[in-house]
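K.L.:
One structure, as structure tokens, below. Some questions next.
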Amino acid sequence: MRKLENKVSIITGAGAGMGRAMALLFASEGSKVIATDINEKNLNSLQEEIGKTGGEATTLVSDIAITKDIDEMFEVAMKKYGTVDILVNNAGIMDNFSPVGEFEDETLQKIMDVNIIGPFKAMKRAVCIMEEKGSGSIINIGSVGSLFGARAGAAYTASKHALIGLSKNTAFMYAKKGIRTNVIAPGSINTDIAESYQMRYLNEDAFNYLKPGMGLSPRMGEAIEVARIALFLASEESSFVNGAVITADGGWSAY
């Protein structure tokens, strides 16, 4: 039997990178996937790829920073499948590596909306469904920036630290109700966000902040390597894992 047979998963940021890899893997393991992203073209491609392998996916253009979009993805899941078993808060955006004194309010708000406030609201919707059925798995995609102070700018670092706090609180508060909440903290991964970070944000000041730490990273990871961890956390194989932060950085933080 496949690991997620007949489970219903919501995966945000599923159009590319780690989210896409998770959607493909979850579908191959029997999950019915609600895949959301802001990029419709990428979602169409994902749905086609899942369909070719016999999987089932429903795609939805959605922005995790918009409350009505969060509500809609749960409404679609409930209308089509009647439940939600797994929530993966994967959608996220980087900052420009700026220290706290250089952030504009608009940029700060956008990063917080996507990286912490949106996941908070999605978790609120998810636990209400999962609590009623007495089971569920929430997986939040953090970062090594969730654990250390200089892997990104002040806003991204703050948002990803907050995500761990939220996850641990939820893990404890809902443990006896059968809901598990865990965090994956990836290091440098070959994804679109990494590419856009290099292309758009790596100015000279940012490079000077980044350079000392990047030299210690043994290698870049691949999206599928993170997706396999997510599959473990989504499945019953991790039934006693709750409130954990799994670092996936190839040994970068071991130095």
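The values are calculated or read from the model by the stated rules, or taken from the named source; none is laboratory data. Note that the structure is a prediction, hence the values are computed from the model and not measured. Every residue, glycine among them, receives a Cβ derived from its backbone with ideal geometry; neighbour counts consider all protein chains shown. In case anyone asks, the SASA skips ligands and DNA or RNA and just uses the protein heavy atoms, side chains included. Shrake-Rupley method; radii C 1.70, N 1.55, O 1.52, S 1.80 Å.
K.L.:
Translational diffusion coefficient, Stokes-Einstein: compute it for region 110-196 using the Kirkwood radius over C-alpha pairs as Rh, at 20 °C and 1.002 mPa s, and state it as an integer in µm² s⁻¹.
P.N.:
It comes out at roughly 157 µm²/s.
K.L.:
Starting from the Cα of Val245, step 7 Å along the direction of its Cβ; do the same at Glu40; then give the gap between the two resulting points in nm.
P.N.:
The modelled label-to-label distance comes out at 3.9 nm.
K.L.:
First compute the accessible area of region 1-114 with a 1.4 Å probe, then give the percent of it belonging to carbon and sulfur atoms.
P.N.:
48 percent
K.L.:
Express in nm, to one decimal, how much length is gained between Glu222 and Glu237 on full extension, taking 0.36 nm for each residue of separation and deducting their alpha carbon distance.
P.N.:
This chain segment gains 3.2 nm when fully extended.
K.L.:
How big is the Cα convex hull of region 22-113 in projection, averaged over all directions, in nm²?
P.N.:
Value for region 22-113: 7.0 nm².
K.L.:
Over the C-alpha atoms of region 76-132, what are the Rg and the largest Cα-to-Cα span, Dmax, in Å?
P.N.:
Every Cα atom of region 76-132 included, Rg and Dmax give 15.4, 47 Å.
K.L.:
So what's the projected area for region 29-82, the Cα convex hull averaged over all directions, in nm²?
P.N.:
Orientation-averaged projected area of the Cα hull: 3.8 nm².
K.L.:
Further, regarding this structure: Cut-off 10 angstrom, C-alpha nodes, Gaussian network model of the chain. Which of Arg219, Arg151, Arg20 fluctuates the most?
P.N.:
With Cα springs under 10 Å in the chain, the top fluctuation among Arg219, Arg151, Arg20 is at Arg219.
K.L.:
Computed from the mean reciprocal separation of all distinct C-alpha pairs, what Kirkwood hydrodynamic radius does the chain have, in Å?
P.N.:
The answer is 18.2 Å.
K.L.:
Where a Cα-Cα gap under 25 Å defines reach, which lysines qualify for Lys79, not counting those fewer than 8 residues away within the same chain?
P.N.:
Lys3, Lys7, Lys32, Lys41, Lys52, Lys68, Lys121, Lys124, Lys133, Lys177
K.L.:
Dipole magnitude of the chain about its Cα centre, charges +1 at Lys/Arg Cβ and -1 at Asp/Glu Cβ only, in debye to the nearest 20?
P.N.:
Details: 25 positive and 30 negative charges, 173 e Å.
In total the dipole reaches around 840 debye.
K.L.:
Next up: At q = 0.13, 0.15, 0.23 Å⁻¹, what is the log10 ratio I(q)/I(0) for region 13-57, with the Debye formula run over Cα points and no solvent?
P.N.:
-0.20, -0.27, -0.65
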